[in-house]
Structure formats: structure tokens, C-alpha cells
Amino acid sequence: MGRVQAPEPAVMSDAFQQRLARWNRDRLAPGFPDQDFAATSARDQQMRITEAGFFTELREEVADLAAAAPASPADFVAWYEELKQTGPGQNDPLFPWLAEHASKAELRWFFEQEAAGEAGFDDLVALTQVKMPTAAKLELARNYWDEMGRGNAKGMHGPMLQILADALQVTPTIENTIPESLALANAMTAMATRRDLAWHSIGALGVIELTAPTRASKVSAGLRRVGFNGRQRHYFDLHAVLDVKHSEAWVSEVIRTLVAEDPARARFIAEGALIRLRCGQRCYARYRSELWRTASAPRPGHEAPGRQAA
């Protein structure tokens, strides 16, 4: 008898993740002094409890895998780098399919989901670096400076992403985003904004740099195939190359130094990396479920259906 798959927890519902996403959007937006500070504080306290419950479930999911991570710096780095090959969601068949078969409409839907769930890597790095040890802080600063185009507005990664969003004519909204994508952004925001989860955030951000280049190159190939020019694809082309260098520096200057200074951090860095990968794995599975259900192009192990995705 085949194994019965456990149902997704309630925290993965649309309503739950949309509620967290709206709170994160509102609380991180610049504003003016609150006229009803007591009411806002009460709301925030309740939402922090809600967020804590969500994050506890994520930690429990990866606890066994994280417990296997070694605590010595060299061994931990080897374990961490191996996640690129064997971590949750790696080598997902979605990305070769995007490169080789997805239509423009299907790539548009994929990008819209990714963009809506994007918490903003630059801001996550900025939030995470607060009070970090010197070596790690300097590398985070270099990473952030690259995200900012090294002071050149044309080189900023956020506007590059907007160029593609404009070309694809997408207007991402919380309401039209699948809960798996929102959950990924909500998890990343929790790690970056809670100082007790700072080591988790280090692990999660680093594993993005470690695993993103292959996925970025596949997305870029798909965009090229359906007619998008180099300027429109530049965000993904850049990350296919730049994140390799970022990953090498992150591992040597951030991961290794932090674990060498205090081996107790290894467990929490591992949890953060695995949580990010597990959330990504959920997204890819859901994307495949939605896209391949209506796709007209072949996909691994399936016959091509007759209807194009809208």
C-alpha cells in the first residue's frame, strides 16, 4: 500500500498566509506616527504570536534534517554546500520545463507568483546584518551594495526586476498569489525581522545565493526562447552569474566565520537554510500542479494536454 501523504497544515491556507503577508507589508512600510498606538501594538502582538506559531511548524518540519548538520566549521560548510545538490526542492523538473517548453503566458504566471512572494533580498540582508560580527557584517554589506547597483540606480536589482514585470505586464497582488509563495516570503520576513531568528536568516539568505544561479539560468532561457530581449532578461542573467560569486563569499566570510566563533549557531543556520529550501520546494510543486494541469507543451512523464494556460 502506498504511503498516504499528510495534509498541508492550516498555516498553509490562503487566508492565513494572506493575513501574514498584509501585516508584513503594512508594518514594514514607512509611515507617520501612529494616532492609535495602543491598538496597533495590540494587533502587532497578536500577529507576532500568529507568526511564531507558523514558524514553529516550519522548524518542526526540518528538525531531523537540521539535527544531522555537524558543528565544526569545515564539516558544516561541506554539509551546507551539499544542499545545492541534495537539499529540498533541488533539481526540480519545473525549471527545465520553463526553459524548454513554457509559453509566454505560462512564464508570465510563474513570474507573477514569484514577484508577489518576493520579500526583497536587499531589505532582508539589511535587516539581518544588524549587530552581526564584523566579518559577516562586512560581507553582508558587500552583498547589499551589489543589490544597490554599487550606487548606480541603473544597476539596482529591484528596478531590473521591474523592467521584466513591465514587459510581462504583471501586477502582482497578495490576493492573486498562491499561499505557498506567500509562505516563503512570510518565512523570510520572520527570520530577518526577529533577532532571535537572525542565525536562521543567515542560513536562509545564503542558501538562496547557493542555489539560485541554476534556476535563474533556466528562467532566462525560457524568457529568451519566447522573445524577451537582453535588457528585459537582465535580472535573471545577472543572478545566474553573480550569485555564484556571492555564494562563495557568503560561505567563506559569513557561514564559516559565524560557526567558528560559536558552533551553537550551526543548528539554527541549518534550520534557516532548510526552511527556505522546503518553502521553495512547496512552491515548485504547486507551480507544476497549476501549470502542467493546463499546459500545452510536453512535460516529464506526461502526455501533452490540449489546452493552453491562460
Q | Single residue of 177, 214 found to be within 19 Å of the chain's Cα centre (by Cα), in contact (Cβ under 8 Å) with a residue 40 or more places away in the chain and surrounded by fewer than 21 Cβ atoms within 10 Å (Cβ to Cβ) | A | 214
Q. Considering only region 165-174, how many residues are farther than 19 Å from residue 279 by Cα, surrounded by 17 or more Cβ atoms within 10 Å (Cβ to Cβ) and either among the hydroxyl-bearing types (Ser, Thr, Tyr) or out of contact with any Asp or Glu (no Cβ under 8 Å at 6 or more places or on another chain) (or both)?
A. 2
Q: Answer yes if at least one residue in region 153-173 is of a type in the set (Val, Ile, Thr) and in a helix (DSSP H, G or I), and no otherwise.
A: yes
Q. Going by the structure shown, is residue 127 touching a Ser or Thr at 6+ places or on another chain (Cβ under 8 Å), outside any loop (DSSP other than H, G, I, E, B) and hydrophobic (A, V, I, L, M, F, W, C)?
A. yes
Q) Only one of (1) touching a Gly at 6+ places or on another chain (Cβ under 7 Å); (2) closer than 30 Å to residue 100 by Cα fails for residue 162. Which number is that? A) (1)
Q) Out of (1) surrounded by 13 or more Cβ atoms within 10 Å (Cβ to Cβ); (2) under 28 Å from residue 11 (Cβ atoms), the odd one out for residue 49 is which? A) (1)
Q.
Can you pull out every residue in region 219-252 that is buried (at least 20 other Cβ atoms within 10 Å of the Cβ), farther than 16 Å from residue 107 by Cα and among the hydroxyl-bearing types (Ser, Thr, Tyr)?
A. 247
Q | Of residues in region 78-114 being part of a loop (DSSP other than H, G, I, E, B) and surrounded by fewer than 15 Cβ atoms within 10 Å (Cβ to Cβ), the one modelled with the highest pLDDT | A | 93
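The values are calculated or read from the model by the stated rules, or taken from the named source; none is laboratory data. Note that this is a predicted model, so its numbers are computed, not measured. A quick note on method: Cβ atoms are made from the backbone with ideal geometry, for glycine too, and the neighbour counts reach across all protein chains shown.
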